[in-house]
Each structure stands twice: as C-alpha cells, then as structure tokens.
Amino acid sequence: MQYKSQAVAKPYFIAAIGLFVGQILFGLIMGYQYVVGDFLFPAIPFNVARMVHTNLLIVWILFGFMGAAYYLIPEEAETELFSPKLALLMFWIFLVAGALTIVGYLAVPYATLAKMTGNDILATMGREFLEQPLPTKVGIVIVALAFLFNISMTVLKGRKTSISLVLLLGLWGLAIFFLFSFYNPSNLVMDKYFWWWTVHLWVEGVWELILGAMLAFVLIKITGVDREVIEKWLYIIIAMTLITGIIGTGHHYFWIGTPEYWQWFGSVFSALEPIPFFMMTVFAFNMVNRRRREHPNKAATLWALGTGVMSFLGAGVWGFLHTLSPVNFYTHGTQITAAHGHMAFYGAYVMVNLTMISYAMPMLRGRSANSGPAQIMEMWAFWLMTVSIVFITLFLTAAGILQIWLQRMGTTPLGFMAAQDQVMLFYWLREITGFVFLIGLVLYIWSFFCKKGTAQAAA
Amino acid sequence: MINNTSTSHEIHATPPGDLAIWFFIFAELLAFGVFFVAYAFARAHNVALFDESQQHLNRTSGAINTLVLITSSYFMVRAVAAIKQGLSRECARWIAAAIGMGGVFLVIKLFEFHAKFSAGISLSTNTFYMFYLSLTIFHFMHVILGMVILAAVMLKARGGGYSAENHTGVETGASYWHMVDLLWIILFPLVYVIH
C-alpha cells in the first residue's frame, strides 16, 4: 500500500464478501425451493428469496467496485484520496441502507414495503432488479455522487492515467444510467425499453469499462509489463465494448413491442459482443506470459486469468448462444437465460472483484502477498467455486434445452409447470453443486485467517 | 501494383500506421460484414420486395458519392506521399482536400435522406428500407468519425507534428479513411445496384 488513504478500501472489501455470503445462502434457499416448492413458505416466498439473491449480488459488486476505486485511484493518481472521511461516511450510509432494504424485503410483504416507503409519491418499485424502495434508490444516488466526487477530485489533483480515466468513465456511466430506474412510464413497452438502459447498459456497457480498468491495473502490478502496452489493449477493448454493447441493447427488444428492426440490430451487434471478452482473455494471458517480474501473489494472478476465461465463456459464449432473434424466439425466458446469468455474473463481475481483493487485501494488511499455505487455500477456493459455477451453468443449460423442447417445440407441448416437473433432476444437481460452491466460499474466507507459513513482507 | 524493384514502394513488415487502428478496422469490417451477410440472407427470402424497393433509390447520387470518396482517398494518398518527403504544409493541404470531399459526400447523402424521409420512408417501411437506412446511416456516421480523425491529423501536420521519419499518425488516419471508402465501395453496388 503506497498511500495511507487507500486503507478505506478495506471495509468495502469486507462488506462485499459478507454480502456475497448472504447472496449465496439465499441462492441455496431458492435452489431448494425449485425442487421443494413450499420450503420456508410463507416466511420466505420464492419471489422474495430471488429478490434478495439478485439485489445482494448487485450491492456487493457495487461495494467491490467502490473499494477497488478507492484502492486503485490514489495509486494511479499518485496522491492521497481527496477525502477518506467522506469515503468512510458513505460506506456506513450504503451499508445501513442496504441492510435496512434487505430487512424490509424479509420482514414485510412487498406491497406493504411499497406503501411504507412512499412508492405512491414516485412509483419506481416492482421491476426486476430495481425493486429497491424509493429511499434506498435516492440513497444509492447520494452515495454514488459523493463517491464520484471523491475519486474525481482525487484524479483531478493527481496524475491522470488511462486506467483511472476508463474507470471514471465506467463509474460515471454507472451512476447516470441508474437514473433511469426513476423513470417508470405507464406504457409497458416504454417501461421495459428504458428499464434496459439501466440493466443492460450497466452489465454490457459501463461495467465492462470498470472491469477492464480493474483487470488492467492488477495486470500492470503483477506482471510489470509496460503501461503503454496494457493501455493500448484497454482502449481497443473498451472501444469494442461500446461499439457492440450499446446497440446490442437491441437483443432485449425482440419481443417487447418495439419495432421489428430491433431484431436485426440486436442480433447483429450483440453477436459481436463476445469479441471484447475474447480480447480480454487474450490480453490477460498475453500480459502474464510477457511478465517481467515474478510477483509473489500467485493467487491474484490465477484470479486475473480466471476472469478472462470465465467472462468470455459466461458472457461471451453463453450470451451468444441465445442472442440471435430466431434462436431467442424459443429460448427467451427459459433456464438458458439463468445459465447465462450465473456464469456471466460470476465470470465477469464476481471474479474481477475477487481478483482485486486478492491483490489488494494483503497489501492493505501490510504485506505484498499472503503466505504459501494461505494462497494454496485461496486457490482451492478458486477452483471449487469456478468448477461449481461451470457445472451449475451446464445443469441449467441442460434443463433449459429440455424445457424448450418439452414446452415450446414438441408436437404436443407441455404446460410450464408440467415441463418443470420433467427437468427436476437437473435442479437437484444444480442445488448439490451450489453446496460445493458454498464450501469453496467458506474456504475462501478461511484463507484470510490462515496463520500457517510466513507472509511475504511488504515491498 | 506491387513493384519490388521500385524504391518508392517500400514493403511493410507490419501494416502502416498504429497497430491499434488495425484492430479497430478489423472490428469495423466485421460489424459491416455481418450486416452485409444479413442483407444477403434477407434479400434471398424476398427478392421481389428488394428489387422493387431498390428501383426508388437515387443511383446517380450514389455513383457520384462513390467517385467523391475515391477522390478523397486519392487525396489522402497524396498526403501520405507528401509527409514521407517531409512536406508538412503540403500534407496538411491534401488532408484538408480529403476532408472537403468527405463534406461533399455528407451533403449529397443528406439530400438523399431528405428525399426518402419526405416520402415517409422509415426503418419500419419494409426490410429493404430497414437495411438501406441503417447501413447508409451507420456509414454516414463513420464518414463523420473519419473526418474528425483526419481533422486531428491535419492540425498536427500543420503544426509540424510529423516528419519524413515519424509520420505514423498520418498513415493511421489514412488507413481508417480508406476503410470508410472501401465500405462504401461494397455498400453502393450491394444496396443500390445489384438486383
């Protein structure tokens, strides 16, 4: 750690991991409800468990991004953070607001929560992933603005690098596109149309810039490859991301009542979306192969390479699988979507956060890398979680293919629930694999407390 | 024509200009290429509609624009040749001429768009017009981007930023501009002429 103020990243990373655990636990609850429908009913109905599972994912990834920015920006800008106090204050506001929201989801029925939190003043609730009550949404905007002010001021007073500019662009975009969560037109087509401006333009647009910047930062640190080389890659990757991703939004506009030309725009541009992810994979391996130093943190290198591979598979390959409109006509809203969602989120945004945490956390704790045994434990966690996600994705893909066949393609199509009964075996397999993932996550957290061996002294 | 004995034609080990622009050009060609293939598939499914709608396009303005862009590309070739001899002023003037021709292209294209939009044609009129409008509008935006790139190169050239030894930037801009030209050379016969 080169700057004292980078230390504010630590609580963000800890909170991120804590919420990650919550996300996985609710995932397991839901996975079990897939096979035993009335499990925990009426205390935690499926729709609530799902809401908590997805909202926790988004919130912990945001914690991770903020922590990453607070760690990375001072080092890139070569100056202390503009205001570490503001960063800590925002941490507590965000954490408390997030916790209260989850408690609200679990304690009262959603409609009651909506009434209690002023949804009749400005109706923003009830839409997938954007379920947060109005005060939480306003809180997110305030926290995001204070955060952006803080890091933008830091960059302005310090050295301006490509990595921090790309990161800033991504984070500003994140805040701006979140504003569409306040826009809720009564026309259902328009509602869905702009809903994607938050949801799609986050994960297939500005978040990719954040991912690219974080990966580039860690690769510079662990490989010692020239900054110019890494920055050139970063620029090409983000250019491709924006060229394909922005109009690629059209792959959500096939069947919601938008004009027919979206079937062409959406298919063509989103078919090209795997390219930036593929470039990211080549980038990561290329840089590690050209490394000019042997960084003692092997675990961070593994996470960085894993991010490249898994984001390409999850976002690129599994996205392409159902992105062409003639294919999507059959696959829309099936388990194929769930398969893609799991591997893409894990491969891209979970793994890049864990890469950053793996690199930065030892530094924040005063050493350049963890001890050998701790790293080995972390790498076991990497493989357990990654292999689990691969199998969860494969099982859901199998369930999806079977579901499409039974429900939408056969000569005597089954109803939705009848088709679900037929794919039950895959849901069981998915749930069992989910427990292996949890073991990996426990091992991951354990690796932070591993006392065996001697840690590498700070460089 | 490649002439190995000529001293004025050097053989490049790497593509001219910055390597990064070639990644970008490759990606652009791929995006347009996918669109061209999609056009071919869509046309094969509805030849009559495509042939009928095609009759209403203004082939004359399309042909003039083809000549305009080829001329513009030629001016860029002269600009690169000039800077290789260290003639910054002349290089900047040739680039200005190339940008000017780009402007002529845009004006002619705007008249064409105006005529189509006044006739009530939109992306939803039929599949042919969907392709015609999206391909030409995407290309239109690439012409604008190309002109911005050339303008940046021209300003640097005018300020003496390039020399006979160091002129990667000019070649980078020229490479992109030739791509914009190339796309039109494929687009024009494909959408306006072939039936």
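Computed extension length for B:H56-B:R89: 7.5 nm, one decimal, from 0.36 nm per residue of separation with the Cα-Cα distance subtracted. Farthest toward the positive end of the dipole of the stretch B:35-193, out of B:F35, B:M154, B:I186, is the Cα of B:M154, where the dipole comes from beta carbon charges about the Cα centre.
Rounded is the label for chain A, because the ratio a/c of its alpha-carbon gyration tensor axes (a ≥ b ≥ c) stays below 1.5.
Remark: the protein assembly as shown carries a charge dipole of roughly 1320 debye about the Cα centre, counting +1 on each Lys and Arg Cβ and -1 on each Asp and Glu Cβ.
When only Cα pairs below 8 angstrom with a gap of at least 6 residues are kept, the stretch B:35-193 shows a relative contact order of 34 percent.
Ranked from largest to smallest solvent-accessible area, with a 1.4 Å probe on the protein heavy atoms, B:K84, B:K109 come out as B:K84, B:K109. Taking both sides together, the accessible area buried where A meets B is about 1400 Å² for a 1.4 Å probe. Within chain B, the longest run free of exposed loop sites, counting GluC sites (Glu not before Pro) that sit outside DSSP helix and strand states (H, G, I, E, B) and have at most 15 other Cβ atoms within 10 Å, spans B:11-164. The candidates A:L130, B:L182, arranged from most to least accessible area with a 1.4 Å probe in the full protein assembly, appear as B:L182, A:L130. What is the angle, in °, between the Cα long axis of helix A:207-223 and the longest principal axis of the Cα atoms in chain A? Nearest 10 is fine, range 0 to 90. Tilt of helix A:207-223: around 30 degrees.
In the context of the full set of protein chains, chain B has a per residue accessible area of 49 Å² (1.4 Å probe). Coupling constants for the stretch A:417-424 follow from the phi torsions by the Karplus curve (6.51 cos²θ - 1.76 cosθ + 1.60, θ = phi - 60°), and in residue order they are 5, 5, 5, 4, 4, 6, 9, 3 Hz; glycine and proline get x. Projecting the Cα positions of B:L67, B:L57, A:Y71 onto the charge dipole of the protein assembly as shown (unit charges on Cβ atoms of Lys, Arg, Asp and Glu, taken about the Cα centre) puts A:Y71 furthest along the positive direction. Protection proxy ranking of A:415-428, A:46-59, by the mean of other Cβ atoms within 10 Å over each peptide's residues and highest first, is A:46-59, A:415-428. Place +1 on the Cβ of every Lys and Arg and -1 on the Cβ of every Asp and Glu in the protein assembly as shown, take the dipole about the Cα centre, and give the residue among A:L168, A:Q407, B:L110 whose Cα lies farthest towards its positive end. Among A:L168, A:Q407, B:L110, the one farthest towards the positive end of the dipole of the protein assembly as shown is A:L168.
Would you please classify the overall shape of the stretch A:314-448 from the alpha carbon gyration tensor, given that a ≥ b ≥ c denote the square roots of the eigenvalues, rounded means a/c under 1.5, and beyond that prolate means a/b larger than b/c while oblate covers the rest?
prolate
What does the C-alpha gyration tensor say about the overall shape of the stretch B:35-193? Classify as rounded when a/c is under 1.5, otherwise prolate if a/b is larger than b/c, or oblate. It is prolate, given that a/c is not under 1.5 and a/b is the larger ratio.
With 20 Å² as the minimum drop in accessible area between chain alone and full protein complex (1.4 Å probe), the qualifying residues in the stretch B:23-54 are B:F23, B:F24, B:A27, B:L30, B:A31, B:V34, B:F35, B:A38. Pairs exceeding a 20 Å alpha-carbon distance, out of A:K115/A:K137; A:K10/A:K452; A:K10/A:K160: A:K10/A:K452; A:K10/A:K160.
Taken about its Cα centre, the stretch B:35-193 carries a charge dipole of roughly 340 debye when the Cβ of each Lys and Arg holds +1 and the Cβ of each Asp and Glu holds -1. For a quick check of understanding: with a 1.4 angstrom probe and all protein chains in place, what accessible area in square angstrom does A:D191 have, to the nearest ten? Estimated to the nearest 10 Å², A:D191 gives 20 Å². Placing A:K157, A:K137 in order of accessible area, with the largest value first and a 1.4 Å probe, yields A:K157, A:K137. Phi angles of the stretch B:181-188 translate, via the Karplus equation with coefficients 6.51, -1.76, 1.60 and θ = phi - 60°, into HN-Hα couplings of 5, 4, 4, 5, 5, 7, 5, 4 Hz per residue; Gly and Pro are given as x.
In the stretch B:35-193, the portion of solvent-accessible area held by carbon and sulfur atoms comes to 69 percent [1.4 Å probe, whole percent, DNA, RNA and ligands not counted].
Taking all Cα pairs closer than 8 Å and separated by 6 or more residues, the relative contact order of chain A comes to 14 percent.
Legend: residues in the stretch A:198-245 shielded by at least 50 square angstrom of accessible surface upon adding the remaining protein chains to the isolated chain (1.4 Å probe, heavy atoms) are A:I236.
The values are calculated or read from the model by the stated rules, or taken from the named source; none is laboratory data. Keep in mind it's a predicted model, so treat the numbers as computed, not measured. Virtual Cβ from ideal backbone geometry, glycine too; neighbours counted across all protein chains shown. Heads up: the accessible areas ignore ligands, DNA and RNA and are worked out on the full protein's heavy atoms, side chains in. Shrake-Rupley method; radii C 1.70, N 1.55, O 1.52, S 1.80 Å.
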